[in-house]
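Participant: The structure is given below, and queries will be raised subsequently.
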Amino acid sequence: MKPFLRLVFRNRLAGFGGCVLGIIVILAILTPILPLRPPNETDTANRFLRPLSEGYLLGTDHLGRDLLSRLLWGTRLSLAVGVAAALAAGIAGAAIGVIAGFFGARTDNVTMRGIDMLMAFPYILLALAIVAVLGPGLFNALIAVTVVNIPFFARNIRGVTVGIVHREFIDAARLAGMGDARILIGEVVPNIVPVVVIAMSTTIGWMILETAGLSFLGLGSQPPQADLGSMLGEARAAIITAPHTSIVPGAMILLIVMSVNLLGDGIRDALDPRLRAGALARPSAATRVERKTEPTTKDDGLLRVFSLETQFHAGNRVYRAVDDVSLRLDPGECLGLVGESGSGKSVAALSIMGLVASPPGVITGGAVRLDGQDLIGAPYAVLRSLRGRRVAYVFQDPLSSLHPIYRIGDQLIEAIRTHAPISHAEAHARAIGLLEDVRFPNPRERMRAYPHELSGGMRQRVGIAMALANDPDIIIADEPTTALDVTVQAQILALLDELRRKRGLAILFITHDFGVVAQLCDRVAVMYGGRILETGATADVLAAPSHPYTRRLISCVPELGAGRRKLPAIPGLPPAVDALPPGCAFAPRCDRVRDACREGQIELRGDDRKVRCLFPEAAP
Amino acid sequence: MGIYILKRLVTAIPVLVGVSLIVFLIMAMIPGDPATAILGSYATPENVERLNRQLGLDQPLWQRYFIWLGNLLQGDFGRSFALNRPVLDEVLERFSATLVLAGTAFVLCSILGIAAGVVSAARQNELADKAVTVVVILGISIPSFFLGIMMILLFAVKLRLLPASGMYSVWGGGDLPDLLRHLTMPALALAVVATGVIARLSRGAMLEVLRQDFIRTARAKGVHERRVIWHHALRAAMVGIIPVLGIQAGFVLSGAVYIETVFQWPGVGRMLVDAILKRDILLVQGGVVFVAACYVCFNILVDVAQSLLDPRIRT
């Protein structure tokens, strides 16, 4: 409970709401023993006294009654009615919801249909109809507000109950021979209570507002008794001559409802773990850069990555996703970037064009140069004009990476027109051409298709066509075939290879599959724990892997026609990049590990063939 | 598409029947003799007798429901004893005034709410976001009737900019500019609460969408960030926002009851409150059933709009 409260009050607004509400509630409780005039004592000689008058702190109303006293008594009444309505609606709604959710089937169906009917009304119509039948009065208004809010609780609690009923401990109770009633009371209800309490506490403000509203209309509390709503309703007639008589009760309602809402928000945020982790942060248009110095290394070519460092900052933790990664990509070349999930290969690839989600991503060092132009420090406008035009991406899951509610034709046309100042009709024709280039059947007709209407392979062809839209120099393909069937995978790989040869594209191909690398890539870089362990020409690396990790990664690839053979998995898990061990990141899983491997940084050594290992398999 | 709309229309029928049944049952719970309740306590026994027969009140409950429903479908909502005119005429007249007010408020709160939500999501944790958050909290906490009174005090009494009440000026009004002058304050006051709710929800929906892969794709294409937010993200977020607009329409309609009272707008809400205070039961019944039916139909429109926006629903 204590950490929970601390969590709630860490939200300053919630703390403020809690304090204000606390003061109001204490005042309301103490009202009968405070030295106040009786709230209904009239004094027609002193009508409409202004606030701070002698003996009347907040002035008097149209009958000369003390506003302060009426305000506190009215607050007391409004709070009581709000709490009572919330309690009654909460309990009745929860009972209905639990029964519907627990018994399911017919009971559930009939009850929920009824609830849906009630929810089909704008709430006040129902409340008005009920008050019309019962007649105006505070108690009747309370009943109306309660009834109107029952569906809300019933529906919520039913949902929660359905979730609980399918849990194991309910089955266990049934197997133990417990009856429905015992399971309901012993197992279900205790799990529901916190949910109901929270739902009630967050709706009290709303209930107070609604009953005050009915009183304001003259349908709630009747004179001389007054809650805040009817005080406001009565004062309205004198709004011009004595505005304070309206402002005082109105401001009180505002204060109560606002503090309840603030506190309720705080409670909800504290309970919702998603919000707590700050996961709902919005990724900005380009990755945040906090680079101290730009590396001065000069080695201009098509694409050069120098000691790139990308980290994730979450709270106080720092995840070093990419650490000292250098890559080189020449025109028409295909470079494979290989590693397990979490090795940092995708983050490295996304860093190139500043597409790492940030927050939490931050590029903390290194340089990316495209034709000698630094991209890390480049302003957003420059980065944007290069994205898609010179460097295009193809992503892993074509379903989630295509916009679900735009037609594929429109998405292609947008890609073209973002960089080329041509007419819609021209772009349309070019888009069809692109779809033909990627062997998309019936492109003319299917320009109007939505992504969900296509197969996985077709979607990825759209993704590739979109990447080709502006004739880029480089395509960065981030596991483009992982989400596809094996046969489709082969087609897509063949397509990429063909496009590369025809158009002279350079491809940075990210994958976890050495089989794919062997098929497609000229050179390969192996990543592990955010660092490059080995790099070299594909044929050389495949023939004689230097790093123990590379060797074992290669032996994980099954070969067709190679007969029966045991596929050796690599035991253990990739390291957590917020707590990398000193020395070699692979050391804990390595079968050739020696003490020296765990001591201090190990350099990536070599010329064309590089390896980061003290005891490589064979001399590179 | 046409089939989807047709299907949706068919599913509305049971809801409409249910709505009428609920209204009927609530009204049937009036204690004592309904005819007396309708005619008032000064009615002669003969009149009570005649009305009982007319309304079929001597029949069993379920038969009465069907008689009543049959009458409704023929446009016979009964007669208001307090106003001495057919209920339907009065309801239609009043409801058109409510539509002007609530419709304007609904358009206002949708546009303002979504815009505020998008801006505050796009500038998360920046000044604009914090400003929107504060306004939202104030908006959803302030009782609309209090806000209305404060607006009258400020704009009508102190600044003398806008008329304090009514739909048209008593003397020499009646044209569109006159209506707009009268409409400004009540429509704004009515829109405030829903604006807050919609802004908060839109912000959440946008934050959710902005983390999706297809947003990264749009950025990777080089699409301008403004377009990423207002086209790609907003369009996808609308799928989550539109159903809430439907729900908020109900709250706007509910709020209209208070605002019509504060600004003496001659709408259906004020009519219902007066009818309750005068115990004009048939007018209450007719008004409630009519407005509820309109609301159900409106929600069908919302569903259709939703399916137009999101092709995945149609299949």
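Read the figures in this text as sums done on the coordinates, not as results from a lab. As the structure is a prediction and not an experimental result, all values here were calculated from the model. In this analysis, Cβ positions are derived from the backbone assuming ideal geometry, glycine residues included, and neighbour counts consider all displayed protein chains.
Participant: Calculate the radius of gyration of the Cα atoms of the protein assembly as shown to one decimal place, then report Dmax, the largest Cα-Cα distance, as a whole number, both in Å.
Facilitator: 34.6, 116
Participant: Given the rule -39500 (n - 2.57) for each run of at least 4 DSSP H residues, summed and divided by the residues of the protein assembly as shown, what is its mean residue ellipticity at 222 nm, to the nearest 500 deg cm²/dmol? If you can, show how the numbers build up before the last one.
Facilitator: On the way: 36 runs with 530 residues, N = 935.
Dividing the helical sum by the residues of the protein assembly as shown leaves -18500 deg cm²/dmol.
Participant: Please work out the C-alpha center-to-center distance from the stretch B:59-128 to the stretch A:279-307 and express it in whole Å.
Facilitator: Result: 56 Å between the Cα centres.
Participant: Measure out, as a whole number of angstrom, how far apart the alpha-carbon centroids of the stretch B:220-252 and the stretch A:1-50 sit.
Facilitator: The stretch B:220-252 and the stretch A:1-50 have Cα centres separated by 40 Å.
Participant: Could I ask something else about it? Going by how many other beta carbons lie within 10 Å of each one, how would you line up A:VAL391, A:VAL160, fewest first?
Facilitator: Final ranking by Cβ density, sparse to dense: A:VAL160, A:VAL391.
Participant: Counting pairs of alpha carbon atoms under 8 Å apart in space and at least six apart in sequence, what relative contact order in percent does the stretch B:141-227 give?
Facilitator: 26
Participant: Roughly what would the spin-label model give for A:TYR380 and A:ASP595, points 7 Å off Cα along C-beta, in nm?
Facilitator: 5.5
Participant: Please return the longest range in chain A lying between exposed loop sites, taking trypsin sites (Lys or Arg not before Pro), DSSP loop only, at most 12 other beta-carbon atoms within 10 Å, and leaving the sites out.
Facilitator: In short, A:1-166.
Participant: If I model a spin label as a point 7 Å beyond the Cα along the Cα-Cβ vector, how far apart are those points for A:ASP608 and A:ALA425 in nm?
Facilitator: 5.3
Participant: Rounded to two decimals, what is the ratio between the C-alpha radius of gyration of the stretch A:148-283 and 2.2 N^0.38 Å?
Facilitator: The reported ratio for this selection is 1.53.
Participant: Still on this structure, I have one more. Mind telling me which of B:VAL157, B:VAL87, B:VAL268 comes out most flexible in a GNM of chain B, alpha-carbon contacts under 10 Å?
Facilitator: Judging by the Gaussian network model, the answer is B:VAL157.
Participant: Using a Gaussian network for chain B with springs between C-alpha atoms less than 10 Å apart, which of these wobbles most: B:PRO243, B:PRO86, B:PRO45?
Facilitator: Comparing B:PRO243, B:PRO86, B:PRO45 in a Gaussian network model of chain B, the most mobile one is B:PRO45.
Participant: Let me ask something else. Obtain the nm distance between the two label points defined at A:ARG288 and B:ARG227 by a simple spin-label model: each point lies 7 Å from its Cα along the Cα-to-C-beta direction.
Facilitator: Distance between the two pseudo-spin positions: 2.8 nm.
Participant: Another one. Can you figure out the FRET efficiency of A:ASP180 with A:ALA490, using R₀ = 51 Å and their beta-carbon distance, to the nearest 0.05?
Facilitator: 0.35
Participant: Using 0.36 nm per residue, how much length does the chain from B:ALA128 to B:GLN63 gain when fully extended, once their Cα-Cα distance is taken away?
Facilitator: 17.4 nm
Participant: Another question, if that's okay. Among B:PHE24, B:PHE66, which comes first, then next, by fewest other beta-carbon atoms within 10 Å?
Facilitator: Least to most surrounded, the residues fall as B:PHE66, B:PHE24.
Participant: Looking only at the stretch A:68-92, which residues have a backbone nitrogen under 18 Å from a spot 7 Å from the Cα of A:VAL197 in the C-beta direction?
Facilitator: A:83-84, A:86-92
Participant: Only helices at least 15 Å long along their own axis, judged from Cα atoms, and with Kyte-Doolittle mean hydropathy of 1.0 or greater: name those in chain A from DSSP H.
Facilitator: Numbers: long enough: A:12-30 (27 Å, 2.34); A:67-103 (52 Å, 1.67); A:105-119 (21 Å, -0.09); A:123-134 (17 Å, 3.06); A:138-165 (38 Å, 1.48); A:189-216 (38 Å, 1.47); A:244-271 (40 Å, 1.20); A:408-419 (18 Å, -0.02); A:424-437 (19 Å, -0.18); A:456-468 (18 Å, 0.48); A:486-503 (25 Å, -0.02).
Those that pass (Cα extent of 15 Å or more, hydropathy at least 1.0) are A:12-30, A:67-103, A:123-134, A:138-165, A:189-216, A:244-271.
Participant: Quick one: grab the alpha carbon gyration tensor of the stretch A:375-528, order the square roots of its eigenvalues as a ≥ b ≥ c, and give me rounded if a/c is under 1.5, else prolate or oblate depending on whether a/b is larger than b/c.
Facilitator: oblate
Participant: Using Cα centres only, tell me the gap between the stretch A:339-384 and the stretch A:425-499 in whole Å.
Facilitator: Using only Cα atoms, the two centres lie 25 Å from each other.
Participant: With r as the distance between the Cβ atoms of A:ASN109 and B:ILE5 and R0 = 25 Å, compute the FRET efficiency 1/(1 + (r/R0)^6) and round to 0.05.
Facilitator: E(calc), rounded to 0.05, equals 0.45.
Participant: If you take the beta carbon distance between A:ALA173 and A:LEU7 as r and set R0 to 35 Å, what does 1/(1 + (r/R0)^6) give as a FRET efficiency, to the nearest 0.05?
Facilitator: 0.60
Participant: Give me Rg/Rg_expected for the stretch A:453-598, where Rg uses Cα atoms only and Rg_expected = 2.2 N^0.38 Å with N residues.
Facilitator: 1.20
Participant: At 10 °C and 1.306 mPa s, what whole-number value in µm²/s does Stokes-Einstein give for the translational diffusion of the stretch A:76-184, with Rh from the Kirkwood sum over Cα pairs? Present the calculation step by step, with values, prior to reporting the outcome.
Facilitator: Values: Rh = 15.3 Å.
In µm²/s, the coefficient rounds to 104.
Participant: Right, here's the next one. Within straight cross-link reach of A:LYS610, meaning Cα distance under 30 Å, which lysines are found once same-chain residues fewer than 8 apart are removed?
Facilitator: Cross-link targets: A:LYS292, A:LYS298, A:LYS345, A:LYS566.
Participant: Related question: Can you give the translational diffusion coefficient of chain B in µm²/s, computed by Stokes-Einstein from the Kirkwood radius over Cα pairs at 10 °C and 1.306 mPa s?
Facilitator: Result for D is 71 µm²/s.
Participant: Here is a further query. Most exposed first by the Cβ proxy, i.e. fewest other Cβ within 10 Å, how do A:PHE216, A:PHE152 rank?
Facilitator: A:PHE152, A:PHE216
Participant: Give the longest segment of chain A that steers clear of GluC sites (Glu not before Pro) in DSSP loops with at most 14 neighbouring Cβ atoms within 10 Å, not counting the sites themselves. The partial results should precede the final answer.
Facilitator: Working: sites that count: A:GLU41, A:GLU54, A:GLU290, A:GLU559, A:GLU599, A:GLU603.
Result, exposed sites excluded: A:291-558.
Participant: Over the stretch A:379-511, what is the relative contact order in whole percent, taking alpha-carbon pairs under 8 Å and six or more residues apart?
Facilitator: 35
Participant: Further question on the same structure: For all pairs of alpha-carbon atoms in the stretch A:390-466, what percent lies in each bin of width 10 Å, listed from the first bin to the last filled one?
Facilitator: With a bin width of 10 Å, the distribution comes to 21, 57, 22, 0.
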